[in-house]
Structure formats: structure tokens, C-alpha cells
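Only one structure is covered here, and it is reproduced in the block below.
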Amino acid sequence: MKKLFIALFPVLLLSACSDVLDLNPTDAISSEVALETDEGVKQLLIGAYNSFSASSLCGGELMRNAELFGGLDEIVWLGTYEAPREIYNHQILVTNVDVEGLWVQGYDLINICNNVLAHLDAVKEADRNRVRGEALLLRGWVLFELTRFFGQQYVAGTSNTQPAVPIVLTPSASSTDNAFPARNSVEECYAQAISDVSEAETLLPVTNDVFATRYTAAAVLARIYLQMENYEGARDAADRVISSGKYSLLPAYAEVFATDALTKECVFGIVVTATDGINDMNTYFSTLAYGGRGDIEIRQSFLDLYDPADARKALYFKTANRWRTGKFNNQFGDINIIRLAEMYLIRAECNLRLGTSVGASPLDDYNKTRQRAGLPAATSVTLDDVLLERRLELAHEGFRVHDIKRLRQSVGSFPWNDPMMVYPIPQREITINPNLIQNPGY
């Protein structure tokens, strides 16, 4: 399995990186070492980060496939791989390897986190809250991601009984543990994700070497609440990140991407080195000249949404008569998972919807990214303005299908709540577990 190094700040700590690279596979660590010692439990926690950074999750496919699934009007899939093509065309087979990979890797991560949480007594008391917080954050975060891919969109003001994914809160030491869990509802999964991430925010420190902090948790909560249309919760969580003062927008948009070290704008991200494999966002979005495959073309109609003077448009480049994004033109560059710009746009959207100005006025927040892009400050702002700004600022970073669903839009002929707008439960899971019910249409 490809191992990537997760970091929060532009300072790369080689000793921490070495810990990740030298980590034995979690299933190869003896229970005596892994579960009964402080060092063993902390090694397992590093294993959780390593799992989170695998290709099927934040190594790239989680974000790439969110763009393919919702991006018919923005991008074109040119590649030969069948699994992403099925996702792009909304013709997903139940044996799709990308879908299966998300499920398997997601539950592998959840199981590692559950093992850490079940053996906190072995952790030194001074570190126990931090370790618990990190495990809760990763577990809640991946449950949220699984829920919004495999379950229909959360609809505020309804019971949200539509099936999502199983909630597994205890570790599996053998094939018979948690063997046949049923799918929980979307409501139950969101509640569990919020519980995990909210508690993590109270436990995590404001600085945490190269790992998750209190503000990472707040940023994840902002995403969860926004997807639920809980605008007050999303606004306040985003405001906590912004108000911390720990992050800042870089002067130039292009400086944020394809860097060898994460920047002050990155709230949470993954660093890829020459010894740690490749960046899958680079692999598919970028071209051969930059270490990629050139599998994704950007549509001219999407580029036409940018003002000609917008510096963000200048990051696109044309090769072989096809437009590409330059966000990932570094084979060993970092992957931004959460950027401060996203928090500004969440706060602006939510303040607009609520008629409030918590932290700043919607206009001020809107102008933050707009002016950074070299455009003149606006004198007024509407909700449509902010939503377009979000689309332009965060393009190709893993938001497209999720925004389409929460905004009740369509992908081609597929409305936001169409059965084909969720992944199928992988056939291998249906075959093994008689309690899993397949999604309609598959």
C-alpha cells in the first residue's frame, strides 16, 4: 500500500516522517505491542493517519471521484481506466474497484481508530486526550465521507431515514467481530460523525506537531454542518478556524498549489515525497510533463465562468489542444485537504443565508478570495455570487458532487436525489454480509 505523510504546517519534521515510513502494517503488529503499551497504541494511531492518506481516501481518489461524479459540466474523463469512467458516466457496476476501495479503506481506518480508542488505558495520561481526539476525528471524518457517497443527501427538517452505511464503534480483532452490521440511517451516521468530531475538537490541542489540531476538527465540523444545511453550526465552526489566527491566505493563488511543503493557508493536508509514492491528484489531473497521466480535461465552458482578469484562470494551461488545471503540477507536491479559503466562503454563505455577520460581513469574506484573485473589491454580494465564488475558488478539489446535492442541482440528466447519485454497496460486501441492502437501481 502506498504510504503518504500527513502534515499541517509547512515545516516538515523528518523524524515524524520516518515514523510513518517505518510503520509496520497494522495487522502485522502483535497485540501485545499494539494494544498494551503506550508506544504500540501511538504506532496504531500513526497507522490510522497512514490509512487516511491511502489512494482510496485522501491520497487523491476521494476528491478526484467527487469531481468526476458531479463534473459533467466542468471536466471530461479521457482516461482508459474503467472504474473512474463508470463514476463519471453514472454507470457504476457493483464491482467497481474505486467504490470498493473507498469502502474497504474507510472501514480499515475506522477499525484502526476503534482499536486505539479501546486501549487508551495504555497511553500515558498526559497524552491520552490528544490520542483520543485524533482517533475520534479520523473516525468521524471518514464516516461522514462514507455517508455522503453511499447514502442519499441529508435533507434538513426531515427524518433522514434513508440508509447510509454501518456505524461500527468497536474493534474487530477477527473475521467474526462486527461481521454482519446493517446499514444505519443517514441521520444516525451524521449524528455519530458530529459526536466524534465535536468531542475531538474539545480534546485536541491548538498545535500538534504535524498532526490534527483543534482547528482541523472545527473545519471538518464546518463541512459536516454545511452539508446538513445547519448554517449556524457551519458558520460558527468556520469562524473558530478563521478567528484562531493560525492560518492566512497567501498573497498569490498559484502559490497555494503544487508546493513541496504545505503553506500557511492549509488547515490540513498531505505531503508527498519522492520516497512516499505519488500524488493521485497529480496522476489524473496533470499531464505527462509534470508526472501525470493527463486523464482529465477542463471544459472551455467552465473556464468561461472566470473573469478574464481572474488570476485563478491563469493557473489553467493548454496542451495538445486540451485545457488542464495547474493545481497539481508537482508529482511530489502536497495535497490540500482543507484550505482557509474554504472557511471564508463557508462563513460568507452561512452569514448571508442567516442575515448575520458573525466574524465578518459576508461581503468582507467574499472579497477575501476575490481580491486575492486580482479582482476589484465588490460593493455588494448575493448568495449566487458566493456560490459561484466557491465553485471558482475550490474547483477540482473534491467539492463538486457534494455541493450539487446540497444545493438541489443536477448532473446532466441526473437530479441531486436520483438513485444513480449515490454509490452502490460493493458486491463483495453484499455477498459476505446478508444484512446489507443494496441501493436502488443497482
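Readers should treat all values here as calculations from the given coordinates under stated rules, not as data from a laboratory. Everything numeric here is computed off the predicted structure, so don't read it as measured data. Positions of Cβ are backbone-derived with ideal geometry, glycine not excepted, and every protein chain shown enters the neighbour counts.
At a glance:
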read-out	value
Highest-MSF residue in the chain out of 163, 171, 376 [GNM, Cα springs under 10 Å]	376
Hz values of 3J(HN,Hα) by residue in segment 363-373 - Karplus curve (6.51, -1.76, 1.60), Gly and Pro given as x	5, 4, 5, 4, 6, 4, 7, 4, 6, 4, 7
Cα radius of gyration and Dmax for segment 61-147 (Å)	17.5, 53
Most to least packed among 348-354, 312-318 [average Cβ atoms within 10 Å]	348-354, 312-318
Prolate/oblate/rounded call for segment 239-316, Cα gyration tensor, a/c under 1.5 rounded	oblate
Segment 132-142 - phi-based ³J(HN,Hα) in whole Hz, Karplus 6.51/-1.76/1.60, Gly and Pro as x	4, x, 5, 5, 5, 4, 5, 5, x, 5, 6
Segment 295-340, relative contact order [Cα under 8 Å, separation at least 6], %	32
The chain: most fluctuating residue of 203, 383, 249 per GNM, C-alpha cutoff 10 Å	383
Whole-percent pair-distance distribution, where bins are 5 Å wide, for the alpha carbons of segment 389-442	4, 17, 20, 17, 15, 12, 10, 4, 1, 0
Relative contact order of the chain, defined on C-alpha pairs under 8 angstrom at six or more residues apart (%)	21
Antiparallel %, DSSP beta bridges [both residues in the chain], to 5	100
Residues with amide H under 5 Å from that of residue 316, placed H, sequence gap 5 or more	326
Cα gyration tensor shape for the chain, rounded if a/c is under 1.5, else prolate or oblate	rounded
Ordering of 36-45, 408-417, 234-243 by packing [mean C-beta count within 10 Å, highest first]	234-243, 36-45, 408-417
Degrees between helix 214-227 axis and first principal axis of the chain (Cα, 0 to 90, nearest 10)	70
Residue-wise HN-Hα coupling along segment 423-434, computed from phi with Karplus coefficients 6.51, -1.76, 1.60 (Hz; x: Gly, Pro)	6, x, 5, x, 4, 4, 6, 4, 5, 6, 10, x
Helix 61-70 axis, angle to the chain major axis (alpha carbon atoms, nearest 10°)	50
Amide H partners (placed H, <5 Å) of residue 267, local residues excluded	338, 339, 340
Degrees between helix 38-52 axis and first principal axis of the chain (Cα, 0 to 90, nearest 10)	40
Mean separation of Cα contacts under 8 Å (6+ apart) over length of segment 297-435, as relative contact order %	17
Over the chain: helical MRE at 222 nm, DSSP H runs n ≥ 4 each giving -39500 (n - 2.57), nearest 500	-14000 deg cm²/dmol
Across 42/246; 264/327; 246/368, pairs whose alpha-carbon gap is larger than 22 Å	42/246
